[in-house]
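Each remark here refers to the structure printed beneath this line.
The values are calculated or read from the model by the stated rules, or taken from the named source; none is laboratory data. These figures come from a predicted structure and were not determined experimentally. Reconstructed Cβ throughout: ideal geometry from the backbone, glycine too, with neighbour counts over all protein chains shown.
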Amino acid sequence: MVVSMMQTLVVPVLGIVQRDLHASASAVSWLTTATLLSAAVSTPLLSRVGDQYGRRPVLLGVLAVTSVGSVLAALSDSLPLLITGRALQGVATAVFPLGPPRRRQPLPTARLRPYSRPGR
């Protein structure tokens, strides 16, 4: 839920950021573009790395990168630093493919319900 909010929360404040940083609308739109671009690139890559090297260390790494991006974005006073922070925050989208398998992993196979279609 936090990752979803973090991805979209910047959209309503783009005008305020544009005014406060004295930037053009196209420059400020990179706040959204950088986040979505880094999410689109990092999600499949980190999902694959999680399959190869373990989901837990990759998930912790994703959360660490997201935290660094959040601190950088919060403390930045220039648009390039803010865009860099938002790009680092975009990596957080990789928690979606890494998280659910991690939750099922500790359960024994006998406790997992088999997939069934409705009406069967």
If D77 satisfies all but one of (1) in a helix (DSSP H, G or I); (2) of a type in the set (D, E, K, R); (3) surrounded by fewer than 13 Cβ atoms within 10 Å (Cβ to Cβ), what's the number of the condition it fails? (1)
Residues being under 14 Å from G85 (Cα atoms) and either crowded, with 17+ Cβ neighbours inside 10 Å or in contact with an Asp or Glu (Cβ under 8 Å, 6 or more places away or on another chain) (or both) - total across the range 51-72: 5
Give the range 10-31 a look and list any residue that's surrounded by 17 or more Cβ atoms within 10 Å (Cβ to Cβ), under 14 Å from A73 (Cβ atoms) and either among the small types (G, A, S) or modelled with pLDDT under 90 (or both), or say none. V10
